[in-house]
Amino acid sequence: MLYARANQLAKARLGVVVAKRFAPRAVTRNAVKRTARELFRHSMLPAVDCIVRLSKPVNAKSGPAVTTALKTALRAELTQLLKSAVPAMNQATAQATAQAAVSATVSAP
């Protein structure tokens, strides 16, 4: 799951939340965080704050901690989420700018 909001800084920021109940092993949690940070660095997002959070379990304690299939699935989903965040942020920024312009026109004497 990806939460995104425009910020007033010159760069994008990332937060990653990986709960123990969704990734019981530390190795798995670290792999999720590492993958999210890597894709975020290469995504070239506008000034936006992003929070990536797991919404369902990625593996169980009985299986291997990290597999190639898990990494591939994580990359695919995170890439899709980050790509969808860019148009949403552009639209939200345009709406906020338009709303600020209307507010400035209404409050001007």
inquiry  = Quick check on my link table: of Lys11/Lys71; Lys33/Lys56; Lys11/Lys56, which ones sit more than 21 Å apart, alpha carbon to alpha carbon?
reply    = Lys11/Lys71; Lys11/Lys56
ask   = With labels modelled as points extended 7 Å from the Cα through the Cβ direction, what inter-label distance (nm, one decimal) is found for Met44 paired with Arg21?
value = 4.0
query = Okay, which of the range 26-40 sit inside 12 Å, backbone N to the point 7 Å along the Cα-Cβ direction of Thr72?
reply = none
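A short reminder: the numbers here are calculations on the coordinates, not readings from a lab. Predicted model only: the values in this text are computed from it and were never measured. When we count neighbours, we look across all protein chains shown, and the Cβ atoms used for this are built from the backbone with ideal geometry, even at glycine.
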